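Trainee: Below: one structure in structure tokens.
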């Protein structure tokens, strides 16, 4: 699955690597429910700054796949995207 993820070129050049770097910390925090979503949203917020809706949807999908691959979120969360 890692081959499927390509760092989006329309975002700030540091946003994607910064998000990816946060994934281990999110996982190690062992959060659930709202606390998990709050942490994910803080980590990926820079990805969505200034992007159009269609690019935002693609970023969301890529980010969720990366989070699932790392074991942060269950893979069944990907069923709707």
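Trainee: Can you pull out the residues in segment 12-37 that are touching a helix residue (DSSP H, G or I) at 6+ places or on another chain (Cβ under 6 Å) and closer than 19 Å to residue 50 by Cα?
Mentor: 15, 19
Trainee: Would you be able to tell me the number of residues in segment 69-81 that are touching a residue at least 24 places away in the same chain (Cβ under 8 Å) and on the phi < 0 side of the Ramachandran plot?
Mentor: 4
Trainee: Let me ask you something else. Could you list, in sequence order, the residues of segment 37-68 that are more than 11 Å from the chain's Cα centre (by Cα) and in contact (Cβ under 8 Å) with a residue 40 or more places away in the chain?
Mentor: 51, 55
Trainee: (1) within 13 Å of residue 16 (Cα to Cα); (2) at pLDDT below 90: which one isn't true of residue 62, the others all being true?
Mentor: Condition (2) is where residue 62 drops out.
The values are calculated or read from the model by the stated rules, or taken from the named source; none is laboratory data. Computed from a predicted structure; not experimentally measured. Neighbour counts run over all protein chains shown; Cβ positions are idealised from the backbone, glycine included.
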